[in-house]
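Student: My structure is below; once you've seen it, I'll send some questions.
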Amino acid sequence: MNGLPLADLFVLFLYLAGITWLGVRMGKGIQKQSDFFMPRRFGKSMMMMHAFGTGTASDQAVVVASGTFRHGLSGIWYQWLWLFNTPFYWLIAPIFRRFRATTTADVYALRFGSSVAVLFSIVGIIGLAVKIGLLLKGAGALVESGTQGMVSASFAVPVVAVLFVAYGMAGGLGAAIVTDYIQGILTVLFSVMLLPWTLSAVGGLSGVRETLNDPSMLSMVAPEGVTPFFIATFAVLSLVGIVAQPFIMGVCGAGRTEMDGRFGFVAGNLIKRICTAAWAVTGIAALAWYMQEGADLTSIDPDQV
């Protein structure tokens, strides 16, 4: 059968409708402005999955698997570039919690004045618009690949956009945190679910090594592009930039206590590092499988592997 069975499509529809309903339902509990923008009532598990969900998008798994398929295991650094910053999150989170601000722009307004806050807001809107565009593009590619073309990317992108805008506007940050919790659990499961079968199909890691027969494909550092200097430079720049992200206040400050935000920020990002490793190994195993099957690699779109 070409495409997904009707049962799978029904489950996909049920998931999208359920997430949207849950987010909209969260809006009924909003009684004041702070409930919408900064509800400081979530515990460690919620904050952990919120940090994981905020820092993880559908396009990232595609980018890592695609990069690994093209360049080998060094493709993992497309998302592991933030790896060395993770310990600093333990220190950053309580600082933002103590600001008692609603948004990051509020902090800039207090420290530098309204003009800097407005500039930050404009830059943030532009940056997030690009990020959301990439997220939607990745989601579209994922849906089209997963449904074997039955649901096209051009159809999936506007549908996903309408759904997350609907529950975001209805439930605010609280809706995002609750839906991140559910979607985060599913993301972790889906990140590792395919890996055992993929490795089994190619004879495990030893089968991957024998099939590729190229040590550079199994190297964590590529001879070109993703070099040690590139990794170190990006780590420093991203550490400076993480505190200026528009979403950082919600990730650090929506917990009940400083420890909730601190634990959530660090643990959520550590979970992402583990999932990134799973994406990379899946990508390299997929490359080995195609080679074992004698496929023409030039005709394969790595984004749909």
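The values are calculated or read from the model by the stated rules, or taken from the named source; none is laboratory data. What you see is a predicted model; the values in this text were computed from it and never measured. Using ideal geometry, Cβ is built from the backbone for each residue, glycine included, and neighbour counts are taken over all protein chains shown.
Student: Is it true that some residue in the range 247-256 is over 30 Å from TYR15 (Cα atoms), outside any loop (DSSP other than H, G, I, E, B) and more than 17 Å from the chain's Cα centre (by Cα)?
Tutor: Step one: filter the range 247-256 for residues over 30 Å from TYR15 (Cα atoms), giving none.
No, the conditions are met nowhere in the range 247-256.
Student: On to the next question. So, restricting to helices (runs of 4 or more DSSP H) that lie completely within the range 172-246, which ones have at least 2 residues that are over 22 Å from the mean Cα position of the chain (by Cα) and of a type in the set (A, V, I, L, M)? It would help to see each step written out before you state the result.
Tutor: On the way: elements: 195-201, 204-212, 228-242.
Answer list for the range 172-246: 195-201, 204-212.
Student: Also, quick follow-up: Of the numbered conditions (1) in a loop (DSSP other than H, G, I, E, B); (2) modelled with pLDDT of 85 or more; (3) on the phi < 0 side of the Ramachandran plot, VAL162 fails exactly one; give the number of that condition.
Tutor: It is condition (1) that VAL162 fails.
Student: Another question, if that's okay. Could you tell me whether any residue of the range 30-46 is farther than 22 Å from PHE99 by Cα and crowded, with 18+ Cβ neighbours inside 10 Å?
Tutor: Of the residues in the range 30-46, the ones farther than 22 Å from PHE99 by Cα are 30-31, 45.
Narrowing the set further to residues that are crowded, with 18+ Cβ neighbours inside 10 Å leaves none.
Among the residues of the range 30-46, not one is farther than 22 Å from PHE99 by Cα and crowded, with 18+ Cβ neighbours inside 10 Å, which makes the answer no.
Student: Name the one entry in GLY203, GLY174 that is at pLDDT 85 or above, at positive phi and surrounded by 15 or more Cβ atoms within 10 Å (Cβ to Cβ). Break it down stepwise before answering.
Tutor: Details: GLY174 fails: at positive phi.
Going through GLY203, GLY174 in turn, just one is at pLDDT 85 or above, at positive phi and surrounded by 15 or more Cβ atoms within 10 Å (Cβ to Cβ): GLY203.
Student: Still on this structure, I have one more. Taking the options LEU218, LEU189, LEU136, name whichever one is modelled with pLDDT of 90 or more and either surrounded by 15 or more Cβ atoms within 10 Å (Cβ to Cβ) or not polar (S, T, N, Q) (or both).
Tutor: On the way: LEU218 fails: modelled with pLDDT of 90 or more; LEU136 fails: modelled with pLDDT of 90 or more.
Sole residue among the options that is modelled with pLDDT of 90 or more and either surrounded by 15 or more Cβ atoms within 10 Å (Cβ to Cβ) or not polar (S, T, N, Q) (or both): LEU189.
Student: Within the range 1-59, how many residues turn out to be among the polar types (S, T, N, Q) and in contact with a Phe, Trp or Tyr (Cβ under 9 Å, 6 or more places away or on another chain)? Write out each step before concluding.
Tutor: Of the residues in the range 1-59, the ones among the polar types (S, T, N, Q) are 2, 20, 31, 33-34, 45, 54, 56, 58.
Next, from what is left, pick out any that are in contact with a Phe, Trp or Tyr (Cβ under 9 Å, 6 or more places away or on another chain): 20, 45, 54.
Result for the range 1-59: 3.
Student: Can you tell me which residue is surrounded by the most Cβ atoms within 10 Å (Cβ to Cβ) among those in the range 273-293 that are over 11 Å from VAL64 (Cβ atoms) and among the small types (Gly, Ala, Ser)?
Tutor: First, pick out the residues of the range 273-293 that are over 11 Å from VAL64 (Cβ atoms): 273-274, 285-293.
Keeping just the survivors that are among the small types (Gly, Ala, Ser) gives 285-286, 288.
Working: ALA285: 27, ALA286: 22, ALA288: 22.
If we take residues in the range 273-293 being over 11 Å from VAL64 (Cβ atoms) and among the small types (Gly, Ala, Ser), then ALA285 is surrounded by the most Cβ atoms within 10 Å (Cβ to Cβ).
Student: Further question on the same structure: Of the residues that make up the range 65-75, is at least one hydrophobic (A, V, I, L, M, F, W, C), out of contact with any Pro (no Cβ under 6 Å at 6 or more places or on another chain), buried (at least 16 other Cβ atoms within 10 Å of the Cβ) and closer than 30 Å to VAL236 by Cβ? Lay out the reasoning, then the answer.
Tutor: Pass one, the range 65-75, residues hydrophobic (A, V, I, L, M, F, W, C): 65, 69, 73.
Pick out the ones that are also out of contact with any Pro (no Cβ under 6 Å at 6 or more places or on another chain) and you get 65, 73.
Keeping just the survivors that are buried (at least 16 other Cβ atoms within 10 Å of the Cβ) gives 65, 73.
From the residues that got through so far, the ones that are closer than 30 Å to VAL236 by Cβ too are 65, 73.
Checking the range 65-75: at least one residue is hydrophobic (A, V, I, L, M, F, W, C), out of contact with any Pro (no Cβ under 6 Å at 6 or more places or on another chain), buried (at least 16 other Cβ atoms within 10 Å of the Cβ) and closer than 30 Å to VAL236 by Cβ.
Student: Name every residue in the range 258-305 that is aliphatic (A, V, I, L, M) and within 30 Å of PHE88 (Cα to Cα), in order of residue number.
Tutor: Filtering the range 258-305 down to residues aliphatic (A, V, I, L, M) leaves 259, 266-267, 270-271, 274, 277-278, 280-281, 284-288, 291, 295, 297, 300, 305.
Passing the criteria: MET259, VAL266, ALA267, LEU270, ILE271, ILE274, ALA277, ALA278, ALA280, VAL281.
Listed here are the residues, each with its yes/no results for (1) assigned to a helix (DSSP H, G or I); (2) of a type outside the set (A, V, I, L, M, F, W, C); (3) surrounded by fewer than 16 Cβ atoms within 10 Å (Cβ to Cβ).
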residue	(1), (2), (3)
LYS28	yes, yes, yes
MET49	yes, no, no
VAL63	yes, no, no
TRP77	yes, no, no
ASN85	yes, yes, no
TRP90	yes, no, yes
ILE95	yes, no, yes
ALA101	no, no, no
ALA109	yes, no, no
